[in-house]
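Working notes, beginning with the structure itself.
The values are calculated or read from the model by the stated rules, or taken from the named source; none is laboratory data. Since the structure is predicted, the reported quantities are computational estimates derived from the model, not experimental observations. Neighbour counts are summed over all protein chains in view; Cβ atoms, including those assigned to glycine, are modelled from backbone coordinates with ideal geometry. Just the protein is used for accessible areas: all its heavy atoms, side chains included, with ligands, DNA and RNA removed. Shrake-Rupley method; radii C 1.70, N 1.55, O 1.52, S 1.80 Å.
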Amino acid sequence: MDIANCLAVIDQLCAREFPAEHGRTDVGTGGPGYLTAALETSGDFHEDDGTGREETEAQFEADRDALGERLAERWGPADAFGLAGVFLRTLAGEDIPEPWGTLASHVPDVQVWRVEHRWIALGVSQWDGELPFQLLAVVTSTDPP
């Protein structure tokens with residue numbers, strides 16, 4: 001992982017206006033009140049016996065923590081925010097605002113900072129056991145649910 005590049009992308013997200021409509025951006029996705037960027041993406045695990053997936057997950061979590069330490073130097077310690085309960089609420093039919101509703105479906109927990117009027121979140125995503133891991137950065141004006 002290139003920490004300097006990741007920090008530059010997070011700075012870009014923090015400086016941008018949020019898009020008026022949901023869709024792709026040059027660094028990820030966005031919509032009213034949020035921007036998301038994949039800072040790092042692994043390969044897939046279709047041919048893996050399980051060991052590669054475990055090693056990759058551990059590496060992505062270590063990368064998230066290392067990047068989180070650098071962000072903590074700027075903004076202070078992160079708060080840990082588990083998304084499992086949010087995911088269960090979506091399954092029960094509750095309308096969770098974006099980006100939190102979608103994020104909860106593939107990211108178990110995030111590190112979050114409140115900076116001025118925005119939230120910055122880091123998390124490790126994996127949609128399914130055979131799909132790639134992603135280190136995600138999210139900037140949003142929407143409070144965590």
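Summary table
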| item | result |
| --- | --- |
| Positive-end residue of Phe60, Phe87, Thr41, charge dipole of segment 14-105 with Cβ unit charges | Phe87 |
| Where GluC sites (Glu not before Pro) in DSSP loops with at most 13 other Cβ within 10 Å are excluded, longest remaining stretch of the chain | 48-93 |
| Distance from segment 1-19 to segment 27-104 (C-alpha centre basis), Å | 15 Å |
| Förster-model FRET efficiency, 25 Å R0, Leu91 and Ala62, C-beta, rounded to 0.05 | 0.25 |
| Counted charge near Asp79, where neighbours are those whose Cβ lies closer than 11 Å (Asp, Glu -1; Lys, Arg +1) | 0 |
| Accessible area per residue in Å² at 1.4 Å probe, computed on the chain | 52 Å² |
| Protein accessible area in segment 12-126, 1.4 Å probe - carbon and sulfur % | 49 percent |
| Shape call, segment 4-52: gyration tensor on alpha carbons, a/c limit 1.5 | oblate |
| Sites Arg16 and Thr102 - FRET efficiency at Förster radius 25 Å, r taken between beta-carbons, to 0.05 | 0.85 |
| Segment 1-134: relative contact order as a whole-number percent, Cα under 8 Å and 6+ apart | 24 percent |
